[in-house]
Amino acid sequence: IRHNSIANAARLALQHEPDVLYEGVVRPLIKIGNLSALFGYINSNRAEIRIWEKKLIDCCKFLSETGDLTSVFAVQFFLREYLSAAKTAILMLRNELSVKEQLKYLDKAEDCFKAYLEGMAGNENTLPEVNTRISHIHLQRQILEFLKSKQIKDNNNNIHIFSSKTDKTIIITELYQIDSVESLPIIRLIRETFSLTYTDTYQPLTNILLKSHTGNMTLWFPKLIKLLGEVPDTETDELLLTVCGDVKGEQKTFERILAIMKDDRTKIRANVNAGLLKNAYILAVNKKFRDEIVSLEKECVKQGDTQVREFCRKYLSHNKGN
């Protein structure tokens, strides 16, 4: 290696165990940035390619142990182990890389997945996984482009969706805190991609609005309306219900939220959650919701409201058949 006789070094190392190849050839070539020279030699001697493949796969294990994913990827790509190379490229996103570098490895990962699909021979079991990974790459690319457009510093750009252990709601809240409007299309894609419920997706965001603009309705209410535009009508009331408990004591804010609700039974629950039992009772009586009044009487016991409890008891005693 020192005398640039890579061919002689490779031939000699091939006669020994993989660790000799790793320590004597691979590592020194990596240090001088010339690992491609080894690949060139192997390509010129294709008769021994099967032996080299086994040796290099073992070298990948040594490289992985040292955390040298760049070299692991290079070896896997050379061996045309495209599925493994794609996964390695994705793992590299967890290193401290700039957005530009992360985008580069996303492109490499996608190219490898596509090369794997092109070379598939009857192994259709991995097809769903690969297609899912490619869709995740497209989503991660949008996230990175978003961070780039917001000029987020490279040391604060580690928002990754690939790990199954990553809480996707944390990613959603981080994106929303960066820009509560322009992040919404990406948040929608995250929800759809990982089949998150509307409540799990958007409830943390409503909490962010409330905490950041407590008492100042003119600041957060338009953002709430914008957020609700991402939620179907059938889910809107349940999402708003989670907000009502957080605005307890803010009468005007509570009334505006209540006005958006469509289902009267949900409005009754909202009043109960906010401690407004009398309002809940009046609405239940006006709508003749006997079951709600039965539940409300029990809630009065919990909250110690003897007056509204008496109202409920009198109503139920006079409306036993309704």
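Using every Cα-Cα pair within the range 58-141, state what percent have a distance larger than 17 Å. Percent of Cα pairs beyond 17 Å in the range 58-141: 45. Could you point to the label whose value was computed as P(r) over Cα pairs in 20 Å bins from 0, in percent for the structure here, given [x] 24, 36, 23, 14, 4, 0; [y] 27, 52, 21, 0; [z] 25, 42, 24, 6, 4, 0? This structure yields the entry labelled [x]. Per-residue ellipticity at 222 nm computed for the chain from its helices equals -21500 deg cm²/dmol, with DSSP H segments shorter than 4 residues left out and the rest contributing -39,500 (n - 2.57). Annotation: per residue accessible area for the chain equals 55 Å², rounded to a whole number [probe 1.4 Å, protein chains only].
Taking the Cα centre of the range 41-109 as origin and charging only Cβ (+1 Lys, Arg; -1 Asp, Glu), how large is the dipole, in debye to the nearest 20?
That gives a dipole near 200 debye.
Loop-located trypsin sites (Lys or Arg not before Pro) across the range 18-103 with a Cβ neighbour count of 15 or fewer within 10 Å are Arg80, with loop assigned by DSSP. When the charge dipole of the chain is built from unit charges on Cβ atoms (+1 for Lys and Arg, -1 for Asp and Glu) and taken about the Cα centre, the candidate among Tyr176, Leu91, Ile282 whose Cα reaches farthest toward its positive end is Ile282.
Helix screen, the chain: DSSP H segments with Cα axial length of 30 Å or more and mean Kyte-Doolittle hydropathy at least -0.5 are 127-149.
Here the peptides 276-284, 169-177, 222-230 are ranked by packing, the mean other Cβ count within 10 Å, and the order with the highest first is 276-284, 169-177, 222-230.
Computed over protein heavy atoms with a 1.4 Å probe, the carbon and sulfur contribution to the accessible area of the chain reaches 48%. Return the whole-Å distance between the Cα centroid of the range 61-90 and the Cα centroid of the range 143-204. The range 61-90 and the range 143-204 have Cα centres spaced 28 Å from each other. Sparsely packed loop sites in the range 125-209 (the trypsin sites (Lys or Arg not before Pro) outside DSSP H, G, I, E and B with at most 16 other Cβ atoms within 10 Å) comprise Lys150, Lys153, Lys165.
Would you work out the relative contact order for the chain, in percent, from Cα pairs under 8 angstrom that are 6 or more residues apart? Before the final figure, lay out the partial values.
Working: 271 pairs, mean separation 24.0, N = 322.
With pairs under 8 Å counted, the relative contact order is 7 percent.
Result for the chain in a Gaussian network model with C-alpha springs under 10 Å: among Gln251, Gln203, Gln142, the largest mean-square fluctuation is at Gln251. Checking every one of the GluC sites (Glu not before Pro) in the range 1-103 against DSSP loop status and a limit of 10 other Cβ atoms within 10 Å picks out Glu96.
The values are calculated or read from the model by the stated rules, or taken from the named source; none is laboratory data. In this text the structure is predicted, and so the values were computed from the model without any measurement. Don't worry about glycine lacking a Cβ; one is built from the backbone with ideal geometry, like all the others, and counts go over all protein chains shown. Just the protein is used for accessible areas: all its heavy atoms, side chains included, with ligands, DNA and RNA removed. Shrake-Rupley method; radii C 1.70, N 1.55, O 1.52, S 1.80 Å.
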